[in-house]
Structures are given as structure tokens and as C-alpha cells.
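The values are calculated or read from the model by the stated rules, or taken from the named source; none is laboratory data. Everything quoted here is computed from the prediction, not taken from an experiment. Methodologically, a virtual Cβ is constructed for each residue, glycine included, from the backbone with ideal geometry; neighbour enumeration extends over all protein chains shown.
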Amino acid sequence: MSEINYRTGCGYDVHKFSYNRKLILGGVDIPHTAGLDGHSDADVLLHAICDALLGAAGFDDIGHQFPNTDIKYKDISSLILLKKVFALISGAGWAVGNVDSMILLEEPKIYKHIPEMKKNISSILMCDNISIKATTSEGLGFVGRKEGCAANAVVLIYRQ
Ligand SMILES: [Zn+2]
């Protein structure tokens, strides 16, 4: 593989809504009647960002790094997973240029929580260029039916 100094990566994740679960997005506990179901804390945004970073640096995806059959990742905070991913990519000589991301969910409104999500991600990735956007699905599909929440992320990494 030729050596280039900049690489991009994309990530996508989905989790379904479930009662008796907390809604954690970007490491922020958001008050809501339902949370997201998953082996970890099901932080769909952080999972999409992890996968984008892993892909950019050429590592296996999040499911291979942190198998959902492994008891040590049960209910783990995805902030810890993001830290592990950052350790992996920075250990391979990469720094994060920027992150752009999108959360797709019908409710609740999460706009006011975005600054705290950015702070969480920014401090782990040692990068101030974190963008988090949110949109509904206009009532269409699984997001529109409030069955689940999806997230997309794109990252740029550069060789230090
Ligand atoms: Zn996930």
C-alpha cells in the first residue's frame, strides 16, 4: 500500500429503542422514555465514529475489535471504546483532523446536548474539529417509526 499522509473513513451504526435502557449519545445521558439496546451502552454515535476512525487507519471494524460476545464489553461506556480506538490509531501514527457526523432519530430533540457530546469526543480524540448534526427521518422507515436510531460519521486522519 502506498504511503499517504491523509486518509478518510466512514462509519454507520444502528441500534433499536428499548424500554429499561438509558439513552446515551456521544457519551451524554439524555432523559427519554426509552434507550438504545445493545451489548455495550449502545452509543450509536460513538460507534459510527469508532468505525470511521478504524476504517481510515485500515483496522478491522468495531465488531472485530470489541466482540459483542465478550462479557468484558457488556454495558461498557462507549467513551472507553472510543479511547481504545484512539489509542490504536494514534499508536499507528495517526492524528484526527476532523469528524463530521449525523444522528438520525425522530425523538427526543437532542440539540441542547450536542455541545457536551462534542466536548466528550473532542477531549478523547485531541481534536477541536468535531461536528455533530441531528435530523429526523420525516416519519419514514425504522427511524421515522421510532424503532431505532442511526448515525453516520466521516473522519479525516493525518500522519503525525
Ligand atoms: Zn453500535
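Kindly establish whether LYS118 is assigned to a helix (DSSP H, G or I) and within 16 Å of the ligand (Cβ to nearest atom). Criteria not met by LYS118. Condition first: within 12 Å of the ligand (Cβ to nearest atom), surrounded by fewer than 20 Cβ atoms within 10 Å (Cβ to Cβ) and part of a helix (DSSP H, G or I). Now tell me which residues in the stretch 28-64 satisfy that. Correct list: GLY63 only.
The rows are residues; the columns are (1) in contact with a Ser or Thr (Cβ under 9 Å, 6 or more places away or on another chain); (2) among the hydrophobic types (A, V, I, L, M, F, W, C); (3) at pLDDT 95 or above.
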{"site": "ILE4", "(1), (2), (3)": "no, yes, no"}
{"site": "GLY11", "(1), (2), (3)": "yes, no, yes"}
{"site": "ILE24", "(1), (2), (3)": "yes, yes, yes"}
{"site": "GLY35", "(1), (2), (3)": "yes, no, yes"}
{"site": "LEU46", "(1), (2), (3)": "yes, yes, yes"}
{"site": "ASP61", "(1), (2), (3)": "no, no, yes"}
{"site": "PRO67", "(1), (2), (3)": "no, no, no"}
{"site": "ASP75", "(1), (2), (3)": "yes, no, no"}
{"site": "ALA95", "(1), (2), (3)": "no, yes, yes"}
